[in-house]
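Structure, as structure tokens:
Derivation of every value follows stated rules applied to the coordinates shown; laboratory data play no part. What you are looking at is a predicted structure, and each value in this text was computed from that prediction instead of being measured. When we count neighbours, we look across all protein chains shown, and the Cβ atoms used for this are built from the backbone with ideal geometry, even at glycine.
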């Protein structure tokens, strides 16, 4: 038996997964068809579509060496936060799916709220700096004009 190169190993892994999953989905489709009776063709089509989607996902996962799912999970962790993510995972493990979704929503809300607050603070800081700068220039312009008017008045009245 020859050793497979990395690319051939990935292809063989995907092919094995496709073969195994294909048998699983075929068995599921037969079971659904037996239970669904008249709706069997539609049920079988749904199962086939789900199977195809799963196989495509597995193929992409193998082809990218997990880069896509890693990036997605990192983004979700950044959005939800470590604490709420852990609480959600624990709730999901315990079968408390609504609690898990609640923890995820709470974490996302906290992250977005924090971002909005930081953005507001930054915008307020820039607006205050702009106002202070404009006020300083206006005061300097007023002082210059006032000094010039005073000097002109003094020149007229001293004559």
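For residue 159, work out the one condition from (1) loosely packed, with under 10 Cβ neighbours inside 10 Å; (2) in contact with a helix residue (DSSP H, G or I) (Cβ under 6 Å, 6 or more places away or on another chain) it doesn't fulfil.
All conditions pass for residue 159, except number (2).
If I ask for residues that are farther than 15 Å from residue 75 by Cα and surrounded by fewer than 15 Cβ atoms within 10 Å (Cβ to Cβ), which ones from the stretch 98-114 would you list?
Matches in the stretch 98-114: 98, 101, 113, 114.
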